[in-house]
Amino acid sequence: MSTNEETNVNVAEGIDHQVAMVMDLNKCIGCQTCTIACKSLWTESGGSEYMYWNNVETKPGEGYPRGWEDSGGGWTDDGSERQTGEIPSREDYGRSWEFNHSEIMYEGSDEPLRPREGAEWGPNWDEDQGAGEYPNSYYFYLPRICNHCTHPSCVEACPRQAIYKREEDGIILADQERCRGYRYCVEGCPYKKVYYNAVSKKSEKCIFCYPRVEGEGPDGETYAPACAEECPPQLRLVGFLDDEDGPIYKLVEEYEVALPLHPEFRTEPNVYYIPPYAPGQHTEDGESVDVDRIPRQYLRELFGDEVDQALNTIERERQRARQGADSELMELLQHKNPAKQYRLGVFDD
């Protein structure tokens with residue numbers, strides 16, 4: 001890796017600028033609008049039915065594919081050697097099944113809508129289950145896309161260099177002409193965000209909606225990825241990690257409140273998360289107690305030890321805002337101006 005000449009941000013060698021995304025988990029309502037926006041744009045062809053380049057999973061939970069956090073991949077602790085992971089089974093992604101639509105819609109059945117048979121697992125199967133016990137159960141939603149990592153193990157795993165990082169913005173793409181479907185990229189990605197198309201015999205993955213980013217739509221305008229634009233609570237910020245005046249840089253580098261998911265995988269993700277808050281715990285009588293509802297240790301397992309400092313910083317700035325003081329951090333997290341949320345044309349020159 002090399003240091004970007006304009007900032008102190010590390011970007012991959014040979015990459016001019018690194019595109020990035022920050023997701024505020026305190027805003028996610030689990031509506032799956034982002035999932036449907038992505039699905040309808042990119043993965044409707046044969047062989048991609050099971051693919052969700054964007055998915056929203058409930059945490060704590062098994063995730064999609066099931067058990068991806070323990071499937072291996074990424075790099076050793078010192079970042080010097082690539083680790084080989086597992087290829088999830090189709091059952092871990094979940095197979096499609098038939099519903100009793102005909103009985104209900106055409107035969108007048110009073111039974112509830114449900115799968116006919118064989119429904120054992122699928123995307124978001126454990127939605128809203130979470131963990132803990134009443135009255136202190138808890139869960140939160142975790143949207144996931146390809147992290148377009150600075151040190152991507154999927155790129156290193158491919159013997160044909162079919163997966164590569166774009167020089168201009170660090171977006172990771174799969175060259176369909178070069179790909180031979182070896183699936184080393186699937187093994188190598190610890191986040192399991194590369195998918196194999198059994199029809200085309202190629203690997204496919206999130207492309208960060210690069211045609212939208214490049215303004216290739218019918219009106220020639222630049223847009224953020226569909227998952228960001230279509231999000232009802234607008235929880236995603238999109239821009240460049242090395243844009244010092246943009247929200248991504250400020251949240252990641254200045255305030256250090258936006259954190260990568262599972263930093264121990266050593267791929268250096270460029271998708272970051274504002275960790276979730278929750279009310280404190282309660283006794284069975286309804287009295288508040290000064291105990292975190294979402295255990296800090298669980299958040300450390302997801303986002304690393306820096307989550308404590310991040311949550312403390314956010315709480316400090318929240319208190320400042322409550323007392324009427326200015327808080328740039330709170331303003332950044334509450335932007336509703338697309339021009340400030342999505343800074344994508346800043347390096348066009």
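The values are calculated or read from the model by the stated rules, or taken from the named source; none is laboratory data. Model, not experiment: these values are computed from the prediction. Because the Cβ atoms are built from the backbone with ideal geometry, glycine has one as well, and the counts that use them run over all protein chains shown.
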Return a yes/no flag: does the range 316-334 have any residue that is at pLDDT below 95, assigned to a loop (DSSP other than H, G, I, E, B) and either under 23 Å from Ala228 (Cα atoms) or touching a strand residue (DSSP E or B) at 6+ places or on another chain (Cβ under 6 Å) (or both).
yes
Which count do you get for residues in the range 93-120 that are acidic (Asp, Glu), part of a loop (DSSP other than H, G, I, E, B) and over 23 Å from Tyr64 (Cα atoms)?
3
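Being modelled with pLDDT of 95 or more, surrounded by fewer than 20 Cβ atoms within 10 Å (Cβ to Cβ) and not hydroxyl-bearing (Ser, Thr, Tyr): is that true of Asn26 here?
Working: modelled with pLDDT of 95 or more: yes; surrounded by fewer than 20 Cβ atoms within 10 Å (Cβ to Cβ): yes; not hydroxyl-bearing (Ser, Thr, Tyr): yes.
Judged against the criteria, Asn26 is a match.
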Applying the selection to the range 224-259, what residues are in contact with an Asp or Glu (Cβ under 7 Å, 6 or more places away or on another chain) and either within 19 Å of Tyr141 (Cα to Cα) or not in a loop (DSSP other than H, G, I, E, B) (or both)?
Leu235, Tyr249, Leu259
Mind listing whichever residues of the range 311-349 are closer than 18 Å to Glu254 by Cα and of a type in the set (Gly, Ala, Ser)?
Ser327
If I ask for residues that are within 23 Å of Ser153 (Cα to Cα) and exposed (fewer than 14 other Cβ atoms within 10 Å of the Cβ), which ones from the range 254-304 would you list?
Glu264
From the list Gly14, Gly63, Gly79, exactly one residue is at pLDDT 95 or above, in a loop (DSSP other than H, G, I, E, B) and on the phi > 0 side of the Ramachandran plot. Which is it?
Gly63
Pro233 meets each of (1) more than 30 Å from Arg95 (Cβ to Cβ); (2) without any contact (Cβ under 8 Å) to a residue 60 or more places away in the chain; (3) out of contact with any Gly (no Cβ under 8 Å at 6 or more places or on another chain) with one exception, condition (2)
Being charged (D, E, K, R) and either without any contact (Cβ under 8 Å) to a residue 60 or more places away in the chain or under 27 Å from Arg66 (Cβ atoms) (or both) narrows it down to one residue among Asp242, Asp175, Asp169; which is it?
Asp175
Arg160: of a type in the set (D, E, K, R), touching a Lys or Arg at 6+ places or on another chain (Cβ under 7 Å) and without any contact (Cβ under 8 Å) to a residue 40 or more places away in the chain, yes or no?
yes
Would you mind finding the one in Ser153, Ser200 that is of a type in the set (Ser, Thr, Tyr) and buried (at least 22 other Cβ atoms within 10 Å of the Cβ)?
Ser153
Go through (1) among the small types (Gly, Ala, Ser); (2) in contact with a helix residue (DSSP H, G or I) (Cβ under 7 Å, 6 or more places away or on another chain); (3) without any contact (Cβ under 8 Å) to a residue 24 or more places away in the chain one by one and return the number of the condition Gly85 breaks.
(3)
Within the range 260-284, which residues are more than 13 Å from the chain's Cα centre (by Cα) and either in a strand (DSSP E or B) or aromatic (Phe, Trp, Tyr) (or both)?
Phe265, Tyr277, His282
